[in-house]
Amino acid sequence: MSLLELHKIQTTKSSWQDFVEYSIQTPFYTETKARTQSLVEAIQLTLFHDYLSTFSPEEKSEFLSSPDSFQSSAEKFVNILEGVRYSQEGYNQKERSLFLGMLKSLLKEHKVDENGERKDLERYHFYRCIIRFCSDKDYIFRVYEKYKSYLSQGSGV
């Protein structure tokens, strides 16, 4: 294992942790959690909302009005992790192993404590949803449909 591979995985982990902490503090998440009364649905909608916020207003509008445009973007997003999931050229076995280990450790850190008790279910579900977002374009598209439905019900944020 090289320092570069280790640094890449640690940077990914830190970025995800920062992203989760940011998302938990957003007014959108607070409102969505209260309105949906579902932790997982609020997390899904918030992650999608945060994802859309990385695009220009024009792109965001296009994605919300054109499922085909959005689906194309989602496919590109999922392929970001192609090197550790799959690739026509093959994947880096060491990097893949480190990445999968990082995912397991993130989930384990937030699901149970040393006594086997639930520790931080909210963050655990955030990481579960992020993992699905980064690996399943059909999942992203289902959340896209939920998000559009949620917005049509009149989000105040």
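If ligands, DNA and RNA are left out, what is the accessible area of S61 with a 1.4 Å probe, given in Å² to the nearest 10?
70 Å²
Rounded to the nearest whole Å², what accessible area per residue is found for the range 115-157 with the 1.4 Å probe?
54 Å²
Taking a 25 Å limit on the Cα-Cα distance, which of the listed pairs K13/K146; K111/K148; K33/K148 fall beyond it?
K13/K146; K111/K148
Tell me the net charge near Y127. Cut-off is 13 Å between Cβ atoms, Y127 excluded, with +1 for each Lys or Arg and -1 for each Asp or Glu.
Charge balance in the 13 Å sphere: +3.
The values are calculated or read from the model by the stated rules, or taken from the named source; none is laboratory data. The structure presented is a predicted model; accordingly, all values stated were derived computationally and were not measured. Ideal geometry is used to build each Cβ from the backbone, glycine not excepted, and the neighbour counts take in all protein chains shown. What goes into the accessible areas is simple: the full protein's heavy atoms, side chains included, and nothing from ligands, DNA or RNA. Shrake-Rupley method; radii C 1.70, N 1.55, O 1.52, S 1.80 Å.
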